[in-house]
Every structure is written in structure tokens, then in C-alpha cells.
1. Can you tell me the convex hull volume per residue for the stretch 1-63, based on C-alpha atoms, in Å³ to the nearest whole number?
2. Mind listing the long-range amide H neighbours of Ile42? Cut-off is under 5 Å, sequence gap 5 or more, other chains count too, H placed in the peptide plane at 1.01 Å from N.
3. Please give the peptides 68-76, 9-17, 46-54 ranked by average Cβ packing (other Cβ atoms within 10 Å per residue), highest first, as a rough proxy for protection.
Amino acid sequence: MAHYDIFRQKLAIKYPAYGYALWEPSPGEDSPTVQVGDVGFIRQGQFNRLFNALLPADHPSHERYGVPDHHEPLKVNILRHIEMRMLSPNNFRSADVGSFGGGVFATG
């Protein structure tokens, strides 16, 4: 099993309510940060965006891959569909990784 899959699996078991852990959360220089409505796939622990279901077909962010035929943006009829809150200040890591003095180490 690849290191990014082990990371995802261990965190999913330890913190099931926190969603899908990405080994590489930064989308890189070629992609914008992940937004609500993004549709894509995960490869080697990194999210790869194809298009955004909430944006119109002619939006500039769709230039690279386009959108599906007959795309119409989804209309969200929920006033507060994005909940903003802070995660607890704990260190999030898989069970086999520990920390000391600001550093991390593997335990097995």
C-alpha cells in the first residue's frame, strides 16, 4: 500500500468525522485552491480538479478541461451551505507517528 493511502486510512480510522485526508493538500501552481462545488479525482494523495459544479460553463477556471456537455451550474438553495469554524489545535497524524518539541518521528 502506498504511503499516501496509509496516511489517509490511518487518519480516517482515528478521526472519522474530519473527512478525507490528503497527503498533498496544496493543489500546486497550476490549480486554484479547492472550493465548494469542485469536481475531480484523487491521485497519489492529491486532489485534481476537473471543474466546479456551481460555476457557469464559461467561467475562466474551466478553460483547462472544460465542463460536461449540457452543463448547467447547480443552484444551492441553502442560505448557509458553508460552515466556517476552527479545528481544534491538536496535531493530526496517523497512529504510528509521534511528536516532540515541534518535530515528528515515526514509531514503527
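1. Numbers: hull volume 5.4 nm³, N = 63.
Convex hull of Cα atoms, per residue: 85 Å³.
2. Close amide H contacts, sequence-distant or interchain: Asn48.
3. 46-54, 9-17, 68-76
Every read-out reported here was derived from the displayed coordinates using simple, explicitly stated rules and does not represent laboratory data. Here the structure is a predicted model, which means the values were calculated and not measured. A quick note on method: Cβ atoms are made from the backbone with ideal geometry, for glycine too, and the neighbour counts reach across all protein chains shown.
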